[in-house]
Structure formats: structure tokens, C-alpha cells
Amino acid sequence: MTPRGVDRPATAAEVGTVLSLVAKASAMRERFDSDVGFYVAVGAFTIAVFVVALIILAVLAPAGIGARELGGLVVGFLLFMLVYFVSVTVHQLEEREEV
């Protein structure tokens, strides 16, 4: 058996698959090339870190934090994220006005 692509041209299915993957990679690159795409990714990462930290806190010290403290922590974080995403939206609107 010969290695793929040595003795024969690529099939239409293989070319279609490669073109599809290139298009998806290009779309992802465009999303993160913009400032807003990067800010949204950072916001999503921040939320993921917060959720993982809460899970670790619940596992390691289930009696270490009360409902009132946990509620304050979650509400404060949600307010922070709200302000963060509002500022990202304002930045996006400012970019549109400049064009």
C-alpha cells in the first residue's frame, strides 16, 4: 500500500473536507482577530474559572462558606460580569461608528 497522496490525486470528498476545515479555521481566526471576539473569549474564560473555583470550594470545604456569603460572592461576580459585557458592547458600538 502506498502513502496517501503519493500516487493518486485527492478525492472530491477529501478536498471538500479540507476546504471545510480551512473555512472553519478562517472563521475562528476572524472571530479572535477582532478586539470584541477576544474580549468575549476572556469573559467566557473568567466565568469558567469562577465556576470551577466554586466547585473546588464546595468540594474542599463544604461547611467553610455559608449561603449568605456565597450569595454575595455570586451576585458580586455577576454584577462585575454585567459591567464587563456592557463595556464590551459599548466598545463594539464605538467600532461600528468609526467605520
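Whenever a residue of segment 59-73 is assigned to a loop (DSSP other than H, G, I, E, B) and of a type outside the set (A, V, I, L, M), its partners that are at pLDDT 80 or above and surrounded by 10 or more Cβ atoms within 10 Å (Cβ to Cβ), lying with C-beta atoms within less than 8 angstrom and at least six residues away or across chains, give the pairs Gly64/Leu57. Contact map, segment 80-98: first residue under 15 Å from Asp35 (Cα atoms), second residue in a helix (DSSP H, G or I) and among the small types (Gly, Ala, Ser), Cβ cut-off under 8 Å, separation 6 or more or different chains; pairs are Tyr84/Gly43; Phe85/Gly43; Val88/Gly43. On the basis of being surrounded by 10 or more Cβ atoms within 10 Å (Cβ to Cβ), assigned to a helix (DSSP H, G or I) and either modelled with pLDDT under 75 or polar (S, T, N, Q) (or both), does Val36 make the cut? No; evaluated as a whole, the condition is false for this residue.
The values are calculated or read from the model by the stated rules, or taken from the named source; none is laboratory data. Quick caveat: nothing in here was measured; it's all calculated off a predicted structure. FYI the Cβ positions are ideal-geometry reconstructions off the backbone, even for glycines, and counts take in every protein chain you see.
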